[in-house]
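Heads up, the thing below is written out as structure tokens.
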Amino acid sequence: MYKSVINEAVVNPDTVTKEIVPHAVAHNNKNGITGWMLYNDRNMVVYQVLEGPPESVERLWSQIRRDRRHQVLEESVRRRCISQREFENWSMGIDEVEQTAWMAQNY
């Protein structure tokens with residue numbers, strides 16, 4: 001899991017979900033990755049969970065960290081091994097949400 005902030009100089013905040021999600025779904029299906037993205041369009045914050053084969057997730061994570069469309073907040077990164085996927089049927093589920101008390105915490 002990680003939190004990042006959209007770089008408005010590189011991507012239009014109004015089209016984040018339209019530009020990123022279709023590509024993510026295709027890539028994730030091909031590589032056995034599942035996950036969930038929360039996007040707050042008021043403050044351009046993204047929360048994302050990735051699941052899948054460790055080598056596939058690490059390869060994707062390397063690409064995500066270098067992506068200029070956003071800045072990953074390194075202190076938010078959480079890694080853990082799981083025995084069962086939480087989003088096994090979602091190649092990339094997404095919700096657009098407003099700021100909540102949970103999201104305001106330092107995750």
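The values are calculated or read from the model by the stated rules, or taken from the named source; none is laboratory data. Values in this document were obtained by computation on a predicted structure and should not be read as measured data.
For the reader, a short list of remarks on this structure follows.
- Among the residues here, V5 qualifies as outside any loop (DSSP other than H, G, I, E, B) and hydrophobic (A, V, I, L, M, F, W, C).
- Count of the stretch 17-38 residues which are more than 21 Å from R85 (Cα to Cα) and within 12 Å of the chain's Cα centre (by Cα): 2
- Taking the stretch 15-107 and the helices (runs of 4 or more DSSP H) fully enclosed by it, the elements with 2 or more residues that are modelled with pLDDT of 95 or more and basic (K, R) are at 54-66.
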